[in-house]
Amino acid sequence: MVTITNFRDIGGIKNKEGKQIKKNIFLRSGELSNLTKEDEQRLETTYRLGKIIDLRSDAEVEERPDMSVPKAEYIHIDILEDIQDEGASIEDFVKIGSPEKSASYMEKLYADIALNTTSQKGYTKFFEEILALPNQESILFHCFAGKDRTGIAALLVLETLDVPREAIYKDYLLTNDLRKKENAQILEQAKKAQLEKANLEALHVALNVESSYLDNFYQTVEKQYGDVSAYLKQAIGVDKMTKDAFNHRFVD
């Protein structure tokens, strides 16, 4: 994609039985605030995009609204609505203050998302929208950078489809390669705005992803719920029937 940052199809990944997740269904990315006609047409025709799930805050959506894609329904789910004093927008990352604080800030954010009731309800709604997706259509889910709120959404889908954890981490860490250009541009703009060195370094850390962030998500879930399967059932509403429906429909 020309103007969609951190875009990828998570189809093609194999589950624990060696079966592939179907391609051209689950698309993840950063925000869609700057679509070219070429990308818009590709989403409409190549991917037959049926739904856009925007996981950003109201403020982010107001400031940089998604551009529409013909025939695609737009659904806004604010994952961080009830998480106080934390966020995953560019403005939030700038305010962290030091690189030392960045990693702990991000790890705490992942733990808070795991346990926050509104975040859980948001991901429940996300799963409901997937199950209601018409056959032959795709769903694109995104946040600002396509790394944290979107990364957890991808994790939950892949866990539901019984994908090995190693493959989940591999997909998650692709963000660092796919956002290199955009991150460099953001840091350059921040320098021009005369952001202090410590804030710049904190921003650099926060714009990337680390395995420790997902580690903390999993550890939080396992401590509170016992395992991911129990978390999916109790917190997200993904019971055995839903899991079976997912695997029947979305695995080759």
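Here's a check for you: in the stretch 232-252, which residue that is closer than 12 Å to Leu156 by Cα and outside any helix (DSSP H, G or I) is least open to solvent (accessible area, probe 1.4 Å)?
So the residue we want is Val238.
Would you please list the contacts, defined by Cβ atoms under 7 Å and residues six or more apart or on different chains, that run from a residue in the stretch 55-72 that is at positive phi to a residue that is charged (D, E, K, R)?
Close Cβ pairs satisfying both conditions: Lys71/Glu44.
So which residues in the stretch 206-231 are part of a loop (DSSP other than H, G, I, E, B), at pLDDT 95 or above and of a type in the set (Asp, Glu), if there are any at all?
Residue satisfying the conditions is Asp227 alone.
Scan (1) buried (at least 18 other Cβ atoms within 10 Å of the Cβ); (2) over 27 Å from Glu166 (Cβ atoms) for the single condition Glu188 breaks and write down its number.
Glu188 satisfies every listed condition except (1).
Can you find a residue that is under 19 Å from the mean Cα position of the chain (by Cα), among the aromatic types (Phe, Trp, Tyr) and open to solvent by 10 Å² or more (accessible area, probe 1.4 Å) anywhere in the stretch 25-42? Don't jump to the end; show me each part of the working.
Our first condition is that a residue be under 19 Å from the mean Cα position of the chain (by Cα); within the stretch 25-42, this holds for 25-35.
Checking the rest, the ones that are also among the aromatic types (Phe, Trp, Tyr) come to 26.
Next, from what is left, pick out any that are open to solvent by 10 Å² or more (accessible area, probe 1.4 Å): none.
Checking the stretch 25-42: not a single residue is under 19 Å from the mean Cα position of the chain (by Cα), among the aromatic types (Phe, Trp, Tyr) and open to solvent by 10 Å² or more (accessible area, probe 1.4 Å).
Here are some residues: Ala111, Ala132, Ala59, Ala72. Which one is small (Gly, Ala, Ser), exposed (fewer than 14 other Cβ atoms within 10 Å of the Cβ) and at pLDDT 95 or above? Walk me through how you get there before you give the answer.
Numbers: Ala111 fails: exposed (fewer than 14 other Cβ atoms within 10 Å of the Cβ); Ala59 fails: at pLDDT 95 or above; Ala72 fails: exposed (fewer than 14 other Cβ atoms within 10 Å of the Cβ).
From the options Ala111, Ala132, Ala59, Ala72, the qualifying one is Ala132.
Could you check the stretch 162-205 and list, in sequence order, the residues that are hydrophobic (A, V, I, L, M, F, W, C), assigned to a loop (DSSP other than H, G, I, E, B) and over 23 Å from the mean Cα position of the chain (by Cα)? Walk me through how you get there before you give the answer.
Taking the stretch 162-205 and keeping what is hydrophobic (A, V, I, L, M, F, W, C), we get 163, 167-168, 173-174, 178, 184, 186-187, 190, 193, 195, 198, 200, 202-203, 205.
Next cut, assigned to a loop (DSSP other than H, G, I, E, B) only: 163, 174, 193, 195.
Listed by number, the residues that qualify are Ala193, Leu195.
Could you please let me know if Ile96 is at pLDDT 95 or above and buried (at least 18 other Cβ atoms within 10 Å of the Cβ)?
No, not satisfied.
Looking only at the stretch 187-207, which residues are within 30 Å of Val157 (Cβ to Cβ) and without any contact (Cβ under 8 Å) to a residue 40 or more places away in the chain?
Residues satisfying the conditions do not exist here.
Can you say whether Lys121 is farther than 27 Å from Asp244 by Cβ, over 14 Å from the mean Cα position of the chain (by Cα), among the charged types (D, E, K, R) and open to solvent by 30 Å² or more (accessible area, probe 1.4 Å), as far as the supplied structure shows? Explain how you work it out, then say what you get.
Working: farther than 27 Å from Asp244 by Cβ: no; over 14 Å from the mean Cα position of the chain (by Cα): yes; among the charged types (D, E, K, R): yes; open to solvent by 30 Å² or more (accessible area, probe 1.4 Å): yes.
So Lys121 does not fit the description; no.
When you go through (1) free of Cβ contacts under 8 Å to residues at least 60 places away in the same chain; (2) open to solvent by 10 Å² or more (accessible area, probe 1.4 Å); (3) within 30 Å of Lys19 (Cα to Cα) one by one for Tyr172, which number turns out not to apply?
(2)
If you take the residues in the stretch 197-231 that are touching a Leu at 6+ places or on another chain (Cβ under 7 Å) and more than 15 Å from Glu107 (Cβ to Cβ), which one is most open to solvent (accessible area, probe 1.4 Å)?
Filtering the stretch 197-231 for residues that are touching a Leu at 6+ places or on another chain (Cβ under 7 Å) and more than 15 Å from Glu107 (Cβ to Cβ), the one most open to solvent (accessible area, probe 1.4 Å) comes out as Gln224.
The values are calculated or read from the model by the stated rules, or taken from the named source; none is laboratory data. All figures in this text were calculated on a predicted structure; none of them were measured in a lab. Cβ: placed from backbone, ideal geometry, glycine included. Neighbour counts: every protein chain shown. Ligands, DNA and RNA are excluded from the accessible area calculation, which covers all protein heavy atoms including side chains. Shrake-Rupley method; radii C 1.70, N 1.55, O 1.52, S 1.80 Å.
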